[in-house]
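The values are calculated or read from the model by the stated rules, or taken from the named source; none is laboratory data. The model shown is predicted, which means the values in this text are computed figures rather than measured ones. All Cβ positions, glycine included, derive from the backbone under ideal geometry; neighbour counts span all protein chains shown.
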Amino acid sequence: MKWQVAVNGRSIEIDSEQLASVTQVEPGVYSVLLDGASYEIRLSETSSGLSAEVGGRRFEVEVRDPRDTSRGTRTQLGSGRQNIAAPMPGKVVRVLVNVGDAVDVGQGLVVVEAMKMQNEMKASRPGRVIEVRALAGQTVGAGDTLVVLE
Amino acid sequence: MKWQVAVNGRSIEIDSEQLASVTQVEPGVYSVLLDGASYEIRLSETSSGLSAEVGGRRFEVEVRDPRDTSRGTRTQLGSGRQNIAAPMPGKVVRVLVNVGDAVDVGQGLVVVEAMKMQNEMKASRPGRVIEVRALAGQTVGAGDTLVVLE
Amino acid sequence: MFARVLVANRGEIAVRIVRALREMKIRSIAVFSDADRGALHVRLADEAEHIGPSPSGESYLRVDRILEAAKKHRAEAIHPGYGFLSENAGFAAACAEAGIVFIGPSPDSIRRLGSKTAARMLAKQAGAPVVPGSEEPATDIERARALARQIGYPVLLKAAAGGGGKGMRRVDVEGELEAAIRDASSEAERAFQNGEVYIEKVIEKPRHIEIQIAGDHYGNLVHLGERECSLQRRHQKIIEECPSPFVAKRPEMRAAMGEAALKIARAAAYDNLGTVEFLADDQANFYFLEVNTRLQVEHPVTELVTGFDLVQLQLRIAAGQALPFTQKDIAWRGWAMECRVSAEDPENQFFPSPGKIRQLREPSGPGVRLDSGVYPGWTVPLDYDPLLAKLVAWGAERNTAVQRLQRALSEYVISGIQTNIAFFREILDDPEFLAGSLSTEFVPDFLARRKPLAEPAPQLDTAVAMAALAHFQNARERAASAGKADAGRWLTEGRGQLLR
Amino acid sequence: MFARVLVANRGEIAVRIVRALREMKIRSIAVFSDADRGALHVRLADEAEHIGPSPSGESYLRVDRILEAAKKHRAEAIHPGYGFLSENAGFAAACAEAGIVFIGPSPDSIRRLGSKTAARMLAKQAGAPVVPGSEEPATDIERARALARQIGYPVLLKAAAGGGGKGMRRVDVEGELEAAIRDASSEAERAFQNGEVYIEKVIEKPRHIEIQIAGDHYGNLVHLGERECSLQRRHQKIIEECPSPFVAKRPEMRAAMGEAALKIARAAAYDNLGTVEFLADDQANFYFLEVNTRLQVEHPVTELVTGFDLVQLQLRIAAGQALPFTQKDIAWRGWAMECRVSAEDPENQFFPSPGKIRQLREPSGPGVRLDSGVYPGWTVPLDYDPLLAKLVAWGAERNTAVQRLQRALSEYVISGIQTNIAFFREILDDPEFLAGSLSTEFVPDFLARRKPLAEPAPQLDTAVAMAALAHFQNARERAASAGKADAGRWLTEGRGQLLR
């Protein structure tokens, strides 16, 4: 049987007859011997699927079951809107934009304080602010949406 | 509520109103702060009950549920017979006694080989051999009875 | 020697101190906030006392609570570590009033070296070189202009009470001076409740080189050589080493810097350990920067090269013992280098990344020392700084130390949160870094020229896919628990199935 | 330098060698048996090859399989570690024939030093002191009697081909000699397929002190000082240190032993690393014992004190590089001590204790080095020797090294199997040990006078009971999953509930 696995968007076909040795050595940690080379691969489930880590590199992985024909390729997140989310729990120190503002790449949006550091959340592409959910003084959790851009 | 806990045979009464702090910091690992002192206690379930380890010392522990009146004190293992069991998996190299032999403290009973070492199982008290289950050449698992003394 | 010592700190440094106490057979007393009930320093200490809620202002900075804990646990001395109350003269004085030994210099020495302008003046009077600049706060704009012209642009404005880059401004031309003083002053006011700023000459691409000093109660003072800490991001050191690759080629520079540091220490009647920081330019000129009147984060690199245990030395000095060596007994052997491993995400502007550590594999083996404050399952709190551990390597030469550090980083796994481990591997592979061409501009320059990692080899993709497929099958089998999946023979778990 | 090296070993030493290779940017190739598919050395190596079933006779001792793996992986050299094929001249020769460098001395040197009687003769001819005794096997009983009388009782019978105490007998009076020769010879025959035994003078309560030597392909030979390995149980070393507390007080003894070792090495045209073992009596007389023609288990203590990386040095020598130092460049700094942490139960006659490691906490921090071959969840196989890891500490003085080792042992947790960690803590606390009064009789003497541990303080019992109760409640809550148990407020999990 042939399986399709997407690794950082690259599609890899795995033949179940392929010769290799895969052993789970610790929970979520796999030792793979392939063509003589030894790899140690750490897998963890994330909100968006499966994440792998090898030698400090991270890979996003998706396994497609060949018998499950109902499941197509995962659709990309809508490219029209962008949610700016808190990358870590912390406290909102300042909100730097208002609804309706046009923002440029690199422009500061919200300042969040965590671990004794003030961190400015920046726009990664140009757009317009359509929603501001962050409030100065508010405590936010990792992944909470602070600002929505369009 | 008062609980009875046996620690290495010593009976300890724990009052659920007693002030202390007990936190599980890792699976089976507890941090206990009691009268200002900090203890780290590792618990594991063994075949005979609960075993604790603190600073390299081992304790056998038994918790008695005050609401479970049906359960009395665990009876001691009969003192008349003694099973000599393999402490580790290995291979029986030699059997040194026969049924009916009188044995003295420290006398060798069976030689088991594991991890490149030959290990002589010795009698811990005087007695008579009433059963020999070990066979030279046989592979044994940890806990398998090799010889029974009376 | 003391029988009972309280450690007024948390994280890796509290663990470091608890270890030294255990080695000296002194009973260790940890303190902890709500967030730190299960912290490693609490687990390893002999005793522990709760001192308040998680915010440090309500726990680790509470002089009253810490002294109360010390009295309750009958501590004879308090080790403050670094940060928190370690450079607080008031705390040192309060300890003395309570009859408890503060492990560090006297409140008077702390006071005399605590303000940057005061320390600068003391250094100048003692005959140590200082960066050309103003002795008094730059309040009068006319005098500031005259001074800046005399020093020569570019100049730097710095907060008198400050640190960490707050209230700092570079001024390239006279026209910007007035506005810059205004901005810097108000920023300093906000940060330190003290708006005083002073003017200094800008040293272009300076190296940060510091001298470790030690003194006892009997006037004996020695220096233990230098550390180079030029690798900084946002004024936070990230890699430190001993010796400095610059000073290693100039033995006379170590002697001169050591002598300058000791002049300052003598002038401040200093005892216990301290660090005198300097900036050095590429002509080997060096200028006094400030004194840290406490144990330095990066003290392990000096320990590995000199062979002394600096925390044990602090305890001996505080207990009234004389220095067990003189300047001529101090020898430097080999090279040590340290990486500050932090919970932050280098791929996302170094955002802090608190949270639960899912897996932890710590490196060890030849030449590797790890001073860590975490364990698998520990939730790194968001209330404190993101330092998790200090990974230090020693080698006979700088190159060996770097290779061992690289090897150790390759074994180091912290999952569940983001860390800068992989970022260090990039820096340690950089030709300029390997050549020892360092300056405080190194990290910003490196970040600007940093290239994305090369695409992985196709075989690595395949290996990842195979592991993921095995994981997927395992999960499905666990879930379904009935009906074995036909994943092919290589997926069989266990042993001996390698057949190629 | 080589680009690819195969490691023909397993466990901690294979990990040690893989680490050195990584530091030197050499690709490492591991080999493994069925039981070792998931072993740490396989996980850490760049490449790995299966070489057979678990018994070492079918895997790690199979010259053909190892050479096949080396060819397949294009290895330029093979590091044999210690044990297994490391002192097998035939293997070294087979490597040479296959065009692969054997990292160790020449087959000829191995042969000349491999037989104890041959090595003894070589040492005597080279002018090194040997234990008075027979040069030839004691086959003729009349000659044996005459020799024993000449040496003076007690005498020791030893197997010519042996080691590990097999075929060894002490004879106190002449009347026992003949029977003892018969017994020793048949035991040696069974163990080594060679019944030859020879006679030696018994050195009462000797110290085991050995000299580390290193030589290159160009005739340069140096010694790296001594290690004392007197702490042995059943002829297995368990604690080693550098320097020897006995030699440290007698600098002339180190020079004399070093010179004796080098005489033997020169006579055997020795290159690469080796160890010349001696017995020393309390008059500082020393006698040649044997040569180990390979890396020694306890090499880390020499590394910590001399600053050299001995595995990297082996690789450089094997690659044809000259020794990078001369005798006068070698300096000894401080003190290092090693404990061999093994899967065995000191409370049950040191029975081996293979099995699954449930929890593992490894020590680190100042002065501590851990060379380990295990990880949490790893099943220690019963097919190999029980060594799990070597815990080594360095300190400026012996006492500091001991205290750091004690501290590290107190942090070291291996659960699921039995280990000798707690036993080491007892030894390191023993006044005789601390005084440095060592001999090969130390461990048996200690075991004979060992006292049971004092009863624990009542408060410790209470703490254990509280933890057990919490664990019980947790288990019941998980099982029942409905209805919270009223275990009292102190049982609340989490933070901040300490209220006393």
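When C:Glu477 is evaluated against the numbered criteria (1) more than 9 Å from every other protein chain (Cβ to nearest Cβ); (2) surrounded by fewer than 18 Cβ atoms within 10 Å (Cβ to Cβ); (3) in contact with a strand residue (DSSP E or B) (Cβ under 9 Å, 6 or more places away or on another chain), which criterion, by number, is the only one it fails?
Of everything listed in (1) more than 9 Å from every other protein chain (Cβ to nearest Cβ); (2) surrounded by fewer than 18 Cβ atoms within 10 Å (Cβ to Cβ); (3) in contact with a strand residue (DSSP E or B) (Cβ under 9 Å, 6 or more places away or on another chain), C:Glu477 misses just condition (3).
Among the numbered conditions (1) under 19 Å from D:Arg316 (Cβ atoms); (2) crowded, with 24+ Cβ neighbours inside 10 Å; (3) more than 7 Å from every other protein chain (Cβ to nearest Cβ), tell me where D:Arg27 comes up short.
(2)
Kindly provide the set of residues from the stretch C:363-387 that are facing another protein chain (nearest Cβ under 7 Å), among the hydrophobic types (A, V, I, L, M, F, W, C) and under 16 Å from C:Arg16 (Cβ atoms), ordered by number.
Within the stretch C:363-387, C:Leu370 is the sole residue that qualifies.
Do we have D:Ala408 as of a type outside the set (Lys, Arg), in a strand (DSSP E or B), in contact (Cβ under 8 Å) with a residue 24 or more places away in the chain and over 23 Å from D:Arg10 (Cα atoms) here?
No.
Go through the stretch D:325-343 residue by residue and tally those that are within 14 Å of chain B (Cβ to nearest Cβ) and either touching a His at 6+ places or on another chain (Cβ under 9 Å) or at pLDDT below 95 (or both).
Qualifying residue count for the region: 0.
Of all residues in the stretch C:394-404 being buried (at least 24 other Cβ atoms within 10 Å of the Cβ) and in contact with an Asp or Glu (Cβ under 8 Å, 6 or more places away or on another chain), which is nearest to C:Glu338 (Cα to Cα)?
Filtering first and then ranking leaves C:Ala401.
Among the residues in the stretch D:220-233, are any acidic (Asp, Glu), buried (at least 18 other Cβ atoms within 10 Å of the Cβ) and assigned to a strand (DSSP E or B)?
yes
Every residue in the stretch C:344-362 that is more than 7 Å from every other protein chain (Cβ to nearest Cβ) and surrounded by 22 or more Cβ atoms within 10 Å (Cβ to Cβ), please.
C:Glu344
Quick check on D:Pro105: is it within 14 Å of another protein chain (Cβ to nearest Cβ) and either surrounded by fewer than 20 Cβ atoms within 10 Å (Cβ to Cβ) or in contact with a helix residue (DSSP H, G or I) (Cβ under 9 Å, 6 or more places away or on another chain) (or both)?
So D:Pro105 does not fit the description; no.
Listed residues C:Gly355, C:Gly334; which is farther than 27 Å from D:Gln403 by Cβ and among the small types (Gly, Ala, Ser)?
Only one candidate qualifies: C:Gly355.
Across the stretch B:1-16, what is the number of residues that are more than 20 Å from B:Ala37 (Cβ to Cβ), within 7 Å of chain D (Cβ to nearest Cβ) and not aliphatic (A, V, I, L, M)?
Looking only at that region, the number is 2.
Of the residues that make up the stretch D:243-263, is at least one out of contact with any Gly (no Cβ under 8 Å at 6 or more places or on another chain) and under 23 Å from D:Glu23 (Cβ atoms)?
So far as the stretch D:243-263 goes, no, none of its residues is out of contact with any Gly (no Cβ under 8 Å at 6 or more places or on another chain) and under 23 Å from D:Glu23 (Cβ atoms).
Would you please name the residue that is farthest from C:Ala265 (Cα to Cα), looking only at residues in the stretch C:123-166 that are touching a strand residue (DSSP E or B) at 6+ places or on another chain (Cβ under 8 Å) and of a type in the set (Asp, Glu)?
The selected residue is C:Glu136.
What are the residues in the stretch D:271-291 that are surrounded by fewer than 21 Cβ atoms within 10 Å (Cβ to Cβ) and in contact with a helix residue (DSSP H, G or I) (Cβ under 8 Å, 6 or more places away or on another chain), if any?
Result: D:Ala284, D:Glu290.
Could you tell me which residue of the stretch D:412-441 is nearest to the other protein chains (Cβ to nearest Cβ), considering only residues that are touching a Ser or Thr at 6+ places or on another chain (Cβ under 6 Å) and at pLDDT 95 or above?
Among residues in the stretch D:412-441 that are touching a Ser or Thr at 6+ places or on another chain (Cβ under 6 Å) and at pLDDT 95 or above, the one nearest to the other protein chains (Cβ to nearest Cβ) is D:Asn420.
Which of the residues spanning the stretch C:347-390 are in a strand (DSSP E or B), more than 30 Å from D:Leu304 (Cα to Cα) and charged (D, E, K, R)?
C:Lys356
Could you list, in sequence order, the residues of the stretch D:184-210 that are under 18 Å from D:Glu136 (Cα atoms), at pLDDT 90 or above and in a loop (DSSP other than H, G, I, E, B)?
Selection gives D:Val202 alone.
Go through the stretch C:170-195 and give me each residue that's of a type in the set (Asp, Glu) and surrounded by 17 or more Cβ atoms within 10 Å (Cβ to Cβ).
C:Glu187
In this structure, does C:Arg407 turn out to be within 14 Å of chain A (Cβ to nearest Cβ), under 15 Å from C:Met337 (Cα atoms), at pLDDT 95 or above and surrounded by fewer than 23 Cβ atoms within 10 Å (Cβ to Cβ)?
No.
If I filter the stretch A:34-50 down to residues being surrounded by fewer than 18 Cβ atoms within 10 Å (Cβ to Cβ) and at the interface with another protein chain (Cβ under 7 Å from one of its Cβ atoms), which single residue comes out as farthest from A:Asp15 (Cα to Cα)?
The qualifying residue farthest from A:Asp15 (Cα to Cα) is A:Ser44.
Which of the residues spanning the stretch B:19-33 are more than 8 Å from chain D (Cβ to nearest Cβ) and hydrophobic (A, V, I, L, M, F, W, C)?
Within the stretch B:19-33, just B:Val25 meets the criteria.
Yes/no per residue for (1) touching a Leu at 6+ places or on another chain (Cβ under 8 Å); (2) crowded, with 24+ Cβ neighbours inside 10 Å; (3) within 30 Å of B:Ala142 (Cα to Cα):
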site	(1), (2), (3)
D:Arg266	yes, no, no
D:Ala269	no, no, no
D:Thr293	yes, yes, no
D:Val301	no, yes, no
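Among the candidates B:Val61, B:Val22, B:Val97, single out the residue that is at pLDDT 80 or above, buried (at least 16 other Cβ atoms within 10 Å of the Cβ) and not in a strand (DSSP E or B).
B:Val97
Could you tell me whether any residue of the stretch D:155-169 is at pLDDT 90 or above and either surrounded by fewer than 19 Cβ atoms within 10 Å (Cβ to Cβ) or assigned to a helix (DSSP H, G or I) (or both)?
no
Being surrounded by 24 or more Cβ atoms within 10 Å (Cβ to Cβ) and within 25 Å of C:Ala393 (Cβ to Cβ) is the filter here, so list the residues in the stretch D:45-59 that pass it.
Across the stretch D:45-59, the qualifying residue is only D:Ala45.
Every residue, every condition in (1) more than 30 Å from B:Ile41 (Cβ to Cβ); (2) out of contact with any Lys or Arg (no Cβ under 9 Å at 6 or more places or on another chain), yes or no:
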| site | (1), (2) |
| --- | --- |
| C:Gly57 | yes, yes |
| C:Arg74 | no, no |
| C:Pro105 | yes, no |
| C:Arg120 | yes, yes |
| C:Gln125 | yes, yes |
| C:Val130 | yes, no |
| C:Asp140 | yes, yes |
